[in-house]
Amino acid sequence: MKTDVAPELRLGYARTLVSLQLYPDAIRQLVVLNTKHPEFAEGWLIHGLVLQENNQLPEAEKRLEQYVRVVAQSKTPEHQAGLAEALLSLAQIAQKSGQLERAKQWLAQMPAGADPIKLASRQADLLAQQGRMDEARDVLAQVKPANAEQAQRKILAQSYWLREHREAQAAYTLVKAAMERHADNNELLSELALICEKLKRFDEMELLLRQLMAKAPQEAHAFNALGYSLADRNIRLNEARQLIEKAVQLSPQDAYIQDSLAWVIFRQGQHQEALRILQTAYKSKPDAEIAAHLGEVLWTIGQTRDAGTIWREGLLLKADNETLIETLKRFNFKP
């Protein structure tokens, strides 16, 4: 007699598919899991988070709200941690759709043991969207880390916030000081490289990324970051392609690395191949930056109407994406 797969086993399989970035297959497994085992809380949480990762926000919201309902009376540490994760994601979804009061309500329900760095980061983001920039900075600065690991994550969270809100010089000062105490920390090294790119300190960025490649040769994003930077500046394209192809070998399903590969191929004049790769990447990972590149390729080959459609979609995904904004300006495109 055929028996159903245990929910833990199906969830484990779905997680494996997610780790391989096979999101449609993972979502199919999670649909079956929710249908056959609606009492299995973690299935709702993971389903919601995967849908959110793929910008299917209304559906993600439904699954995450169901998780909150299922664990409402539970005080187990596992469910309390999951509840915090679900509430942070629900607040982010509400914020993205402009429902700022609803986002605040979700954050107000956070359990006492919630991760203080994640909570402060979400609160800072919400305050920034309201134009309350000084308060946003203070929320992150006032976090009291409980240990060395949290202290490092606080620095990274502050730097990310500063970098995203066009305060890259302040982020540089913060991370540079931290690296004087933790020179061998790969996360700080990677963050400083990203900041240097924002500041157009390209020689320093390259030095940092090459250090990271030497220390962590399996770190795909170090190879990708340098390759993309060279391609974006339209220099050393053969070298850029080699770096990005190395990143593809290390992480073949990563949509952002596929975006970089398409971008260097486009720079080398192979427009149709770049288009094919970008369309696949955008389908698997709808993202404003990928939309910027896909739209530019479409525009270049004369498909201006399709380009406009993609760029408008990109603005809906992230209206303040710098790459997308710069692209629209270059083409004098009015959405």
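The values are calculated or read from the model by the stated rules, or taken from the named source; none is laboratory data. The shown structure was predicted, so the numbers you read here are calculated from the model rather than taken from an experiment. For neighbour counting, all protein chains shown are included, and Cβ atoms are generated from backbone atoms with ideal geometry for every residue, glycine included. These area figures cover heavy atoms from the full protein model, side chains too; ligands, DNA and RNA do not enter into them. Shrake-Rupley method; radii C 1.70, N 1.55, O 1.52, S 1.80 Å.
So which of Ile325, Ile310, Ile301 is within 27 Å of Ile27 (Cα to Cα) and among the aliphatic types (A, V, I, L, M)? Lay out the reasoning, then the answer.
Details: Ile325 fails: within 27 Å of Ile27 (Cα to Cα); Ile301 fails: within 27 Å of Ile27 (Cα to Cα).
Unique residue meeting the criteria: Ile310.
Among the residues of the range 312-335 satisfying the criterion of being under 19 Å from the mean Cα position of the chain (by Cα) and crowded, with 20+ Cβ neighbours inside 10 Å, which is farthest from Arg233 (Cα to Cα)?
Our first condition is that a residue be under 19 Å from the mean Cα position of the chain (by Cα); within the range 312-335, this holds for 313-325.
If we keep only those that are crowded, with 20+ Cβ neighbours inside 10 Å as well, we get 314, 324.
Working: Gly314: 22, Leu324: 16 Å.
So, considering only residues that are under 19 Å from the mean Cα position of the chain (by Cα) and crowded, with 20+ Cβ neighbours inside 10 Å, the one farthest from Arg233 (Cα to Cα) is Gly314.
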Quiz item: Here is a list of conditions, (1) on the phi > 0 side of the Ramachandran plot; (2) in a helix (DSSP H, G or I); (3) basic (Lys, Arg), and Arg241 meets all of them except one; can you say which number that is?
Solution: (1)
Exercise. State the number of residues belonging to the range 180-210 that are crowded, with 17+ Cβ neighbours inside 10 Å and part of a helix (DSSP H, G or I).
Key: 15
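Can you pull out the residues in the range 133-179 that are in a helix (DSSP H, G or I) and of a type in the set (Val, Ile, Thr)?
Taking the range 133-179 first, the residues in a helix (DSSP H, G or I) are 133-141, 148-164, 168-179.
Those that are in a helix (DSSP H, G or I) and of a type in the set (Val, Ile, Thr): Val139, Ile155, Thr173, Val175.
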Quiz item: With respect to Glu101, is the statement that it is under 17 Å from Glu65 (Cα atoms) and of a type in the set (Asp, Glu) true?
Solution: yes
Practice problem: Please give the number of the condition Arg163 fails out of (1) of a type in the set (Lys, Arg); (2) farther than 24 Å from Lys104 by Cβ; (3) open to solvent by 60 Å² or more (accessible area, probe 1.4 Å). | Solution: (3)
Exercise. Please specify each residue of the range 100-155 satisfying the condition of being basic (Lys, Arg) and either surrounded by 15 or more Cβ atoms within 10 Å (Cβ to Cβ) or more than 28 Å from Leu188 (Cα to Cα) (or both).
Key: Arg102, Lys104, Lys118, Arg122, Arg137, Arg153, Lys154
Quiz item: Can you find even one residue in the range 259-268 that is out of contact with any Leu (no Cβ under 9 Å at 6 or more places or on another chain), open to solvent by 40 Å² or more (accessible area, probe 1.4 Å) and at pLDDT 95 or above?
Solution: no
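Quick check: anything in the range 249-256 under 17 Å from Ala292 (Cα atoms) and either of a type outside the set (Lys, Arg) or touching a helix residue (DSSP H, G or I) at 6+ places or on another chain (Cβ under 8 Å) (or both)? Lay out the reasoning, then the answer.
Quick first cut of the range 249-256, residues under 17 Å from Ala292 (Cα atoms) only: 255-256.
Next, from what is left, pick out any that are either of a type outside the set (Lys, Arg) or touching a helix residue (DSSP H, G or I) at 6+ places or on another chain (Cβ under 8 Å) (or both): 255-256.
Yes, the conditions are met somewhere in the range 249-256.
Does Ala141 meet the test of being touching a His at 6+ places or on another chain (Cβ under 8 Å) and touching a residue at least 12 places away in the same chain (Cβ under 8 Å)? Walk me through it before giving the result.
Details: touching a His at 6+ places or on another chain (Cβ under 8 Å): no; touching a residue at least 12 places away in the same chain (Cβ under 8 Å): yes.
Here the answer is no, as Ala141 does not meet what is asked.
Of Glu167, Glu197, Glu245, Glu191, which residue is in contact (Cβ under 8 Å) with a residue 12 or more places away in the chain, within 26 Å of Gln123 (Cα to Cα) and acidic (Asp, Glu)?
Just a single option satisfies the conditions, and that option is Glu191.
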